[in-house]
Amino acid sequence: MKLREDVAAALRANLPQRDIMRTLHVGYNTVVAHRKALALPAPVRGGHPLQPIETEFYARTEPVDGGHLRWTGHHANGVPRLGRQGKHPSAYRVGFRLHHGREPIGHAKPGCGYPQCVAPAHLEDRPMREQIQAQLTAIFGGAR
């Protein structure tokens with residue numbers, strides 16, 4: 001196979017495959033054949049390495065007085081969301097899992113009263129809320 005020097009130079013410079021195809025007007029198969037002939041590794045998808053979930057979670061928060069964490073990332077239907085590998089889990093679920101080491105049962109929600117707080121220690125799942133409600137009922141009695 002005769003190699004095109006411009007394609008080979010672009011591959012050696014580690015330019016993204018999509019950019020090589022667009023700027024040099026070559027097809028996917030041409031770039032792949034050149035990469036194979038030059039014994040270069042396959043390109044890394046996504047362009048950047050995947051960070052640990054904890055790092056990505058805390059990168060989208062800011063501390064607030066009282067130990068609360070305000071979510072600065074994406075929201076969908078009023079719920080803070082963490083986009084990761086094409087999925088968008090609730091930041092409440094991610095924070096709960098980080099703090100408790102397990103998946104929440106039912107919805108994870110802030111129990112501190114601060115709107116949309118994602119501080120992992122402030123998040124509760126359904127059994128935790130039911131236990132708190134049972135304790136309050138035992139102390140103060142049922143609704144009158």
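No value in this document is a laboratory result; all are computed from the given coordinates. Bear in mind the structure is a predicted one, so any value in this text is a computation, not a measurement. Note that each Cβ is placed from the backbone with ideal geometry, even for glycine, and that neighbours are counted across all protein chains shown.
Under 20 Å between alpha carbons, and skipping anything fewer than 8 positions from Lys87 in its own chain: which aspartates and glutamates qualify? Straight-line reach from Lys87, under 20 Å: Glu54, Glu56, Glu103. Across the chain, the fraction of Cα-Cα pairs farther apart than 20 Å, rounded to a whole number, is 62%. Ordering Gln116, Ala42, Thr61 by the projection of their Cα atoms onto the charge dipole of the stretch 7-144, which places +1 on the Cβ of Lys and Arg and -1 on the Cβ of Asp and Glu, puts Ala42 at the extreme positive end. Here is the list for the stretch 43-120: trypsin sites (Lys or Arg not before Pro) lying in DSSP coil, each with at most 12 other C-beta atoms within 10 angstrom of its C-beta, are Arg45, Arg102. Computed extension length for Leu136-Arg102: 9.7 nm, one decimal, from 0.36 nm per residue of separation with the Cα-Cα distance subtracted.
Its Cα centre serving as origin, the chain has a Cβ charge dipole (Lys and Arg +1, Asp and Glu -1) of approximately 560 debye.
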